Amino acid sequence: MSRYNVKECEPKWQRAWDEAGCFSAAEDPSKPKYYVLEMFPYPSGRIHMGHVRNYTIGDVIARYKRAQGFNVLHPMGWDAFGLPAENAAMEKKVHPAKWTYENIAVMREQLKTMGLSIDWAREFATCSPDYYRHQQRMFLDFLEAGLVYRKESWVNWDPVDQTVLANEQVIDGRGWRSNALVEKRRLAQWFFKITAVSDDLLAALEGLERWPEKVRVMQEKWIGRSRGARIDFKLSGGHDPLEVFTTRPDTLFGASFCALSPHHPLAAKLAADNPELADFIAECDRLGTSEEAIETAEKKGFDTGLKAYNPFQPDIELPVYVANFVLMDYGTGAIFGSAGHDQRDLDFARKYDLAVIPVVLPPDADADSFTIEDEAYLGPGTIFNSDFLDGLEVPAAIDGAIARLEQDGSGREEINFRLRDWGVSRQRYWGCPIPVIHCDTCGTVPVPAEQLPVELPDDITLDQPGNPLAHHPSWKYVACPKCGKPAERDTDTMDTFVDSSWYFARFCSPQAETPLERGAVDYWLPVDQYIGGIEHAVLHLLYSRFFTRAMSRCGYMALDEPFDGLFTQGMIGHQTYQGPDGAWLSPAEVQRVDGERFETLDGQPVSTGRVEKMSKSKKNTIDPAAIIETYGADTARWFMLSDSPPDRDMAWTDSGVEGAYHFVQRLWRQVLDAADHLPAPGSTRPEAFGPADALRRLTHKTIAAYTNDLEQFRFNRGVARIHELSNALSGFKAADEAGRWAQREAVESLVRLMAPMMPHLAEELWSRLGHEALLVDQPWPKADPVLLIDDSVTVAVQVGGKLRSTIEVPRDSEDETLREAALAEPAVQRAIADKALRKVIVVKNRIVNIVVS
RNA sequence: GCGGGCGUGGCGGAAUUGGUAGACGCAAGGGACUUAAAAUCCCUUGGGCUUGUCCCGUGCGGGUUCGAGUCCCGCCGCCCGCACCA
């Protein structure tokens, strides 16, 4: 028996598709478009299993939509700027550009072996001046539109990577790449004004119906809108009033102190002639922002001696503290403490022996006896101890308090966001240069359009810490474009998340002389289906949403949301192995004998750990290139789609891959066996089908259900249906011409349906079935509705809710017929025995339940 | 602590959205073919026993219903995200 020759067939069909130009996309207003995009890869060196899963899912969708008649755009590119290139440059003494482009070359070839339906003519790398010059152009447009600005601010400084990080890039107080404890520094930085659209970014989340709920919730939390009031507290000692922000103005009558952030300007002012306070502030800074520090930090305060006066109770003196738990970058950097109804305020009040005045009475509590002990009361209730607010429910009291503050002129309603503007300056070489020039006379001057791109110099030295662009002997020295006097370029480069915030739009017209071509983006955008990892739920996906709005404001497009549908795939894990000494072992170093695992080299017993995300440190990675080399791309793709739902984490197993490979070979044999005696393609179908009807029904049911599975990303269910049809075919023997026709229909449908998942095998089988034209150009099969409905159905018969029998009856039999047939079953009679019939529930085509007493 | 998700055989997972629990696959066991192995094909496979179309069974305890993996209430466990946001 012949075997399917993967090594011959896969390259053969890849060439055939390529030569026929199957996947090159062009605008065609007469056809509905469909833009499928997977998150583009960082060129780290080799593709990994996460890529294989990501691009397999995307390719299934792209090929399926194409077969359905959509004009599909499915491009690929490289997120090519970033730190690893600089690190590699330092370690291996190779230029970041060389390292990056060599990696791209390797990964491009690896991706091509997967047989993806990609329009490679649109490929680009973000590190190319042909890409980043347009990014510089847009940066300047944003600057002009007021969406970019420069300011000095406290920033997150990563001492290992020697660069600034955006808030989004600080995870648990550590740099997202280096994992180093982040420090606070004050630097002049460029910012994208993402807060200008906070409200819209939040409100529009609701319209993203084809996004995972989880991602929308994460973005909602990140944007963090809260409604409250900004209130002026008069201060003693002739100071300006203290502004505080609160979401609970209803608790103002419970105020017992005020507290400032250690970074608050007033704190600094007071510290100037109060050394003890200065010491306290310094101590707060030392504690830092690390997770441990925050977790264990006790609430601490320093009494400034100042007094504050609540606008509703101007006669009561409130002490003013500087407190370590008050954040400078939220609200106004100052709070009032309402100890009864905020846990932090309560902890603080107990520690410094301040008043605790409850002002919200829980629904069933008694005003005379209600007290606060160790837990603040945060729930709903009625206001008391609060003058004009007494008797109001909390929401009404909030409104009432705000109204009174506005009336008095001592405060106003305010909406606050957690979201901060996006700091994009990075003190690194391998990124897009920020196209501005600093002139002593003219200040910050944009680089004139005709001087773009500001290109990175090639001759750099990476062996000293800090920014190579700043060290470069000549690069930064230029004449001011305005006055002509000597000036300096900005030596920072943009955060690489800027590069990935608009690449999806650039794919629409990758060769355009302008950043984007209006006709192309209007036709292709938004991306209809975006696919990638959940790890970008906030960062990349939020930045892209901002960028799309910013690009629209600057006239590049007329669109708010870049990604109509989003699918986040799960991670790929593998079992972990450890030797007797606890050292991690790679799967290749482990052998299985009689169900036990041993080290291949020395036969030492191996302990098997849980399935964990593939990582170099645990040595549980599998190189996809090796898998494709051995089994072929179709096997790898099929296994990726087989068992686990695509949004869930999955485990890579040898036996799973082998199972997929066996199925590839089985399909090959099955279709070839059948091909020999099937009627030729194009001959006429006999009138009567008779005995072959069951196969025809299954074929059409499979088409309908499988199509539905693909629409819903239920690939594992689809795979099972292919198995089912294949199983039915292997038990099928054609008795006559009609049978052979049904068989041909089943086989060809099987091949057409599996094509998005296993494109090479399907194409080969299609040609072996006698077809001249490429399968990839064949339309998606349509299910015949008549064949989806069975003539007879199996109805379950229960007695008292327990299954006792099943009956085979004509479809849509009358209730009475079902009832009688059910009662006639011997097993049913036995179950009823001498009990009285109470009632019989009949659900047409489904079930009969006989209730006895 | 807050928010979200999940809990079904040895394993990955199905279950028409309240109607025959365990589709499909993996693993395991048995058999056929073969001098043998590989490959392939066939059969068995949730647990139990009294082998009956019997009993039990979808994390645990209750409830609603003719009927619950699915809905409601209360627990337990795991995973993910956020975390001094006033």
| said: If a residue must be of a type in the set (G, A, S) and either open to solvent by 40 Å² or more (accessible area, probe 1.4 Å) or modelled with pLDDT of 95 or more (or both), how many such residues does the range A:437-461 contain? | reply: 1
| task | Might you check whether a residue that is more than 9 Å from RNA strand B (Cβ to nearest atom) and open to solvent by less than 40 Å² (accessible area, probe 1.4 Å) occurs anywhere in the range A:323-331? | result | no
| request: Would you confirm whether any residue within the range A:17-27 is free of Cβ contacts under 8 Å to residues at least 40 places away in the same chain and of a type in the set (S, T, N, Q)? | output: no
| Is it fair to say A:V94 is of a type in the set (A, V, I, L, M, F, W, C) and without any contact (Cβ under 8 Å) to a residue 12 or more places away in the chain? | yes
| request: Using the structure shown, decide if A:P433 is touching a Pro at 6+ places or on another chain (Cβ under 7 Å) and open to solvent by less than 80 Å² (accessible area, probe 1.4 Å). | output: no
| in a loop (DSSP other than H, G, I, E, B) and open to solvent by less than 30 Å² (accessible area, probe 1.4 Å) - does that describe any residue in the range A:387-409? | no
| message | Suppose we filter the range A:27-62 for residues that are surrounded by fewer than 22 Cβ atoms within 10 Å (Cβ to Cβ), among the small types (G, A, S) and in contact with a strand residue (DSSP E or B) (Cβ under 8 Å, 6 or more places away or on another chain); how many remain? | response | 1
| query | Pairs, please: C-beta under 8 Å, at least 6 apart or cross-chain, first residue in contact (Cβ under 8 Å) with a residue 12 or more places away in the chain and in the range A:648-670, second acidic (D, E) and near RNA strand B (Cβ under 6 Å from one of its atoms)? | reply | A:M650/A:D643; A:G656/A:D643
| request: Scan the range A:2-11 and give yes if some residue there is over 23 Å from A:R506 (Cβ atoms), of a type in the set (S, T, Y) and surrounded by 19 or more Cβ atoms within 10 Å (Cβ to Cβ), otherwise no. | output: yes
| query | So is A:A268 within 27 Å of A:D528 (Cβ to Cβ), without any contact (Cβ under 8 Å) to a residue 40 or more places away in the chain and part of a helix (DSSP H, G or I) or not? | reply | no
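Per-residue answers, yes or no, for (1) of a type outside the set (K, R); (2) under 32 Å from the mean Cα position of the chain (by Cα):
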position	(1), (2)
A:T461	yes, no
A:K476	no, no
A:C480	yes, no
A:E488	yes, no
A:D495	yes, yes
A:T514	yes, yes
A:D528	yes, yes
| said: Residues that are open to solvent by 10 Å² or more (accessible area, probe 1.4 Å) and among the aromatic types (F, W, Y): does the range A:724-737 have at least one? | reply: yes
| request: Answer yes if at least one residue in the range A:498-519 is modelled with pLDDT under 95, open to solvent by 10 Å² or more (accessible area, probe 1.4 Å) and closer than 26 Å to A:Y42 by Cβ, and no otherwise. | output: no
| In the range A:651-665, which residues are open to solvent by less than 10 Å² (accessible area, probe 1.4 Å) and within 6 Å of RNA strand B (Cβ to nearest atom)? | A:Q665
| task | Go through (1) touching a helix residue (DSSP H, G or I) at 6+ places or on another chain (Cβ under 9 Å); (2) assigned to a loop (DSSP other than H, G, I, E, B) and name the single condition A:K31 misses. | result | (1)
| task | Scan the range A:226-240 and report the pairs whose first residue is open to solvent by less than 20 Å² (accessible area, probe 1.4 Å) and whose second residue is among the polar types (S, T, N, Q) and assigned to a loop (DSSP other than H, G, I, E, B), with Cβ atoms within less than 6 Å and a gap of 6+ or a chain change. | result | A:G228/A:T247
| task | Can you work out which of the residues in the range A:417-430 that are under 21 Å from A:T100 (Cβ atoms) and of a type outside the set (A, V, I, L, M, F, W, C) is surrounded by the fewest Cβ atoms within 10 Å (Cβ to Cβ)? | result | A:Q427
| Can you name the residue in the range A:552-571 that is of a type in the set (A, V, I, L, M) and out of contact with any Ser or Thr (no Cβ under 9 Å at 6 or more places or on another chain) and, of all such residues, is least open to solvent (accessible area, probe 1.4 Å)? | A:L566
| field | Positions within the range A:358-373 being under 22 Å from A:T247 (Cα atoms) and either in a loop (DSSP other than H, G, I, E, B) or open to solvent by 20 Å² or more (accessible area, probe 1.4 Å) (or both), in sequence order | value | A:P358, A:V359, A:L361, A:P362, A:P363, A:I372
| said: With the structure loaded, tell me whether A:R177 is part of a strand (DSSP E or B) and either open to solvent by 40 Å² or more (accessible area, probe 1.4 Å) or within 23 Å of A:G224 (Cα to Cα) (or both) or whether it fails that test. | reply: no
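The values are calculated or read from the model by the stated rules, or taken from the named source; none is laboratory data. The shown structure was predicted, so the numbers you read here are calculated from the model rather than taken from an experiment. For neighbour counting, all protein chains shown are included, and Cβ atoms are generated from backbone atoms with ideal geometry for every residue, glycine included. These area figures cover heavy atoms from the full protein model, side chains too; ligands, DNA and RNA do not enter into them. Shrake-Rupley method; radii C 1.70, N 1.55, O 1.52, S 1.80 Å.
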